[in-house]
2 protein chains.
Amino acid sequence: MRRGSKLVLRVRALDAAQPFDAEEKLRRHSRLKQSLTIGVLGFGNFGQFLAKRFVQQGHTVIATSRSDYSKIAGDLGVNFFRDIDDFCEEHPDVVIVCTSILSTEESLRSFPFQRLKRNTLFCDVLSVKQFPKQLFQQLLPEDFDILCLHPMFGPDSGKHSWKDLPLVFDKVRIGTSPRRVERCHNVLQIFEAEGCRMVEMSCEEHDRQAASSQFITHTVGRMLGTMELAETTISTKGFESLLSLVDNTYNDSFDLYYGLFMYNKNTTAELSRLELALTKVKSELFDRLHERIRNDIFDDN
Amino acid sequence: MRRGSKLVLRVRALDAAQPFDAEEKLRRHSRLKQSLTIGVLGFGNFGQFLAKRFVQQGHTVIATSRSDYSKIAGDLGVNFFRDIDDFCEEHPDVVIVCTSILSTEESLRSFPFQRLKRNTLFCDVLSVKQFPKQLFQQLLPEDFDILCLHPMFGPDSGKHSWKDLPLVFDKVRIGTSPRRVERCHNVLQIFEAEGCRMVEMSCEEHDRQAASSQFITHTVGRMLGTMELAETTISTKGFESLLSLVDNTYNDSFDLYYGLFMYNKNTTAELSRLELALTKVKSELFDRLHERIRNDIFDDN
């Protein structure tokens, strides 16, 4: 090429590895294809806990919450919006509802769905499942997809790794177009990539199983916490595991426990079964006691 | 030496290591001094479990029981006596009562103490302590020593090692002569040598602590066992620890559980505290529920 009459040399290739550029382009394309813009609604402990991994996996994460978490969000590489309309206008591919059980309904009833893309995937991560499923079905525009999730771990148990920790999911309503199927797949892929044990289960079955396991665990933990059991110098291994159960449940908010109870219709029956079991154990002890005393009385006579 | 006219050579020393013989003799002497003849009364699971270690430590172990355990005893290197008088006439230094809580009183009331040496050390290993202490004080000849023990482990938890497992002991009545003091020391030494955590504690204090720890652990285990909880596909770590608690307690005999309850006078109060705690947890849930419904009612009006 000539500038004026002077011959100027120009670099036409940065390196000689042109054949690889095509591969790199493909790779970048595939990364971009899988990379999601994830909107986190409710940026408390659990929302932050999830957002951190989403960012690590290369997704774009935005968040909104009743309180201002701009500072924490900034530190995590998350873009925080105080205004929920601004949050929606970012057009996230996926909105993950990370509100507490008790505030979910109110949050969703006031949510400006119309500002989102015509088709958006909604997920929740509540510890009860039938309730958010029904709420989504009632409140979300028809064109929205619904994927209910329950990561059965949290900031404590999933601190270091999510390996082998259960993720329960129910594809409640996923459109058939390849783009929508793939988007749902990509959300599940986040948990699969971390090594979670993927458990596909209906929301109804989840709530049945959770009532007889998770709710009972929390109830026993709160019962023992209420007793104010203390470490003894002669604690057995069994007793120490009870004390650590108290640590892992009684320190959770009462709101969470009440949410597990109130928003899962199987828990009332399980609570009754627990009460009945204690009554039965006690009766067995006292029946034997009474029998012995009566035997003494009637032997003596 | 000559036999007939023939010269016969005789070996006068087995090896050349004569200087060491003195040390070896001292060592053997000290072993013999510490070695006890231990009589095990009640040769069920727990008696066998202890006897095995006693034999391994070089003590002479004899046993007697209502049932015939000659075969098992033989395999363990224990001399079993079907006749309790024969057992006593072996003059054990120590008798360790390994009967169940429920049969202890009857076993002791029919025991031919007069056939033992004038001074014998009696120990028990029950999971309650005030009861055997009082029984020993009432029934044993005045010259007998009393050492109450509670190894807070068993054939399962102490299968491989007793290291760091608690042994609770109370020197209830040990004569002041050096021989009696040393005999008591040698019994404790058995557990210390295995690495047990040695906890000296009065029988009364043991029962107070055990009621709020061991008895509560068993009660919760039996309560959950009665509920027939089953493994779910979504079990959390907390729930799995409850299931293993059921395995470790509900499979024990009801007799053991009844013994822990009946023969520890602090357990009735602890059982009430547990019941009250469950009632309180339930009330908190239902109060909040009622409040919510009432708010709806009175808002509507």
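The values are calculated or read from the model by the stated rules, or taken from the named source; none is laboratory data. Everything numeric here is computed off the predicted structure, so don't read it as measured data. Note: ideal-geometry Cβ built from the backbone for every residue, glycine included; neighbour counts use all protein chains shown. When the accessible area is computed, the model is the full protein with side chains, heavy atoms only, and any ligands, DNA or RNA have been set aside. Shrake-Rupley method; radii C 1.70, N 1.55, O 1.52, S 1.80 Å.
Across the copies of the chain, A:SER67 has label points (7 Å from Cα along Cα→Cβ) spaced 6.1 nm apart, shortest distance listed first. Site pair B:ASP247 and A:ARG180 shows an inter-label distance of 4.5 nm when each label is modelled 7 Å from Cα along Cα→Cβ. Simple rule: put +1 on each Lys or Arg Cβ and -1 on each Asp or Glu Cβ in the protein assembly as shown, find the dipole, and look at A:SER212, A:GLY42, B:ASN79; the Cα lying farthest toward the positive end is B:ASN79. For the range A:75-117, the convex hull spanned by the alpha carbon atoms encloses 93 Å³ per residue.
Dipole check for the protein assembly as shown: with +1 at the C-beta of Lys and Arg, -1 at the C-beta of Asp and Glu, and the Cα centre as origin, the magnitude is about 2920 Debye. Expressed as a whole percent, the accessible surface of chain A that belongs to carbon and sulfur atoms is 48, based on a 1.4 Å probe. Other residues with beta-carbon under 12 Å from the beta-carbon of B:GLU90 carry, at +1 per Lys or Arg and -1 per Asp or Glu, a net charge of -3.
Can you work out the FRET efficiency for the pair B:ALA193 and B:GLU284, with r the C-beta to C-beta distance and R0 = 41 Å, to the nearest 0.05?
Details: r = 50 Å, r/R0 = 1.23.
The pair B:ALA193/B:GLU284 has a calculated efficiency of 0.20.
Taking amide hydrogens as placed 1.01 Å from N in the peptide plane, the amide H of B:VAL61 sits under 5 Å from those of B:ILE38, B:ASN79, each at least 5 positions away in sequence or on another chain.
Near B:VAL199, the amide H atoms lying under 5 Å from its own belong to B:LEU167, B:VAL168, B:PHE169; only residues 5 or more places off or on other chains count, and H is placed 1.01 Å from N. On association of chains B and A, roughly 5500 Å² of accessible area becomes buried (total for both chains; probe 1.4 Å).
Hey, what's the range A:192-301 come to in accessible area per residue, 1.4 Å probe, Å²?
Details: 5370 Å² over 110 residues.
Spelled out: the 1.4 Å probe surface of the range A:192-301, per residue, equals 49 Å².
The antiparallel fraction among DSSP beta bridges confined to the protein assembly as shown stands at about 25%. Computed over the alpha-carbon pairs of chain A, the distance histogram in 20 Å steps reads 26, 44, 19, 8, 2, 0, 0 percent, short to long. Residues of the range B:224-248 that bury at least 50 Å² of accessible area when the other protein chains are present, relative to the chain alone (probe 1.4 Å, heavy atoms, ligands and nucleic acids excluded): B:THR226, B:MET227, B:THR233, B:ILE234, B:THR236, B:LEU242.
Placing a label point 7 Å from Cα along the Cα-to-Cβ axis, B:HIS290 is separated from the same position in the other copies by 2.9 nm, shortest listed first.
Shown is the FRET efficiency for B:LYS237 and B:LYS71, computed with R0 = 35 Å from the Cβ-Cβ distance and rounded to the nearest 0.05: 0.20. Across peptide A:205-215, the average count of Cβ atoms from other chains found within 10 Å of a residue's Cβ is 4.
What fraction of the DSSP beta bridges in chain B is antiparallel, stated in percent and rounded to the nearest 5? Write out the running numbers ahead of the final one.
Values: 7 of 30 bridges.
Of those bridges, close to 25 percent are antiparallel.
The Kirkwood radius of the range B:140-220, taken over pairs of alpha-carbon atoms, gives through the Stokes-Einstein law at 37 °C and 0.692 mPa s a diffusion coefficient of 234 µm² s⁻¹. Calculated on C-alpha atoms, the gyration radius of the range B:222-301 divided by its Kirkwood radius gives an Rg/Rh of 1.17. Quick one: Debye curve from the alpha-carbon atoms of the range B:109-177 only, equal weights, vacuum; give me log10 I(q)/I(0) at q = 0.14, 0.22, 0.27 Å⁻¹ to two decimals. Normalising to I(0) and taking log10 leaves -0.51, -0.94, -1.17.
Of all chain A C-beta atoms, the nearest to the rotation axis linking A with B is recorded, alongside its rounded Å distance, as A:SER241, 3. Computed across the range B:142-301, the Kirkwood radius stands at 19.5 Å (inverse of mean 1/r, all Cα pairs). The distance linking the range A:247-301 with the range B:193-237 is 16 Å (Cα centroid to Cα centroid, whole angstrom).
Distances between copies of A:VAL55, taken at a point 7 Å out from Cα along the Cα→Cβ vector and listed shortest first: 6.5 nm.
Please give me the summed charge of the neighbours of B:ARG222: other residues whose Cβ is under 13 Å from its Cβ, Lys and Arg +1, Asp and Glu -1. Walk me through the intermediate numbers first.
Working: positive: A:LYS280, A:LYS282; negative: A:GLU284, B:GLU228, B:ASP247, B:ASP252, B:ASP255.
Charge balance near B:ARG222 sits at -3.
Name the shape class, rounded, prolate or oblate, that the alpha-carbon gyration tensor gives for the range B:25-173, where a ≥ b ≥ c are the square roots of its eigenvalues, rounded holds for a/c under 1.5, and otherwise prolate holds if a/b is larger than b/c and oblate otherwise. Rounded, because the longest to shortest axis ratio a/c is under 1.5. Take each residue of peptide B:285-293, count the partner chain Cβ atoms within 10 Å of its Cβ, and average: the result is 3. Per residue of peptide B:252-262, the mean number of Cβ atoms on other chains within 10 Å of the residue Cβ is 2. 3J(HN,Hα) along the range B:174-185, derived from phi through the Karplus expression 6.51 cos²θ - 1.76 cosθ + 1.60 where θ = phi - 60°, amounts to 10, x, 8, 5, x, 5, 6, 4, 5, 4, 4, 4 Hz, with x in place of Gly and Pro. One equal scatterer on each Cα of the range B:58-134, no solvent, Debye formula: the resulting log10 I(q)/I(0) at q = 0.14, 0.21, 0.22, 0.25 Å⁻¹ is -0.47, -1.07, -1.16, -1.39.
Each 10 Å bin, from zero up to the one with the longest distance, holds this percent of the alpha carbon pairs of the protein assembly as shown: 3, 13, 18, 16, 13, 11, 10, 8, 5, 2, 1, 1, 0, 0.
The residue list B:VAL125, B:PHE113, B:PRO151 was ranked by how far each Cα lies along the charge dipole of the range B:65-163 toward its positive end, using unit charges on Cβ atoms, and B:PRO151 comes out on top. Here's how it looks for A:ASP156: its modeled amide H is under 5 Å from none belonging to a residue 5 or more places away or on a different chain. Sites listed here are trypsin sites (Lys or Arg not before Pro) in the range B:124-222 whose DSSP assignment is loop and whose Cβ has at most 13 other Cβ atoms within 10 Å: B:LYS159, B:LYS163. For the range B:96-109, the Karplus equation 6.51 cos²θ - 1.76 cosθ + 1.60, evaluated at θ = phi - 60°, returns couplings of 10, 7, 10, 6, 6, 3, 5, 9, 4, 4, 4, 4, 6, 5 Hz by residue, with Gly and Pro reported as x.
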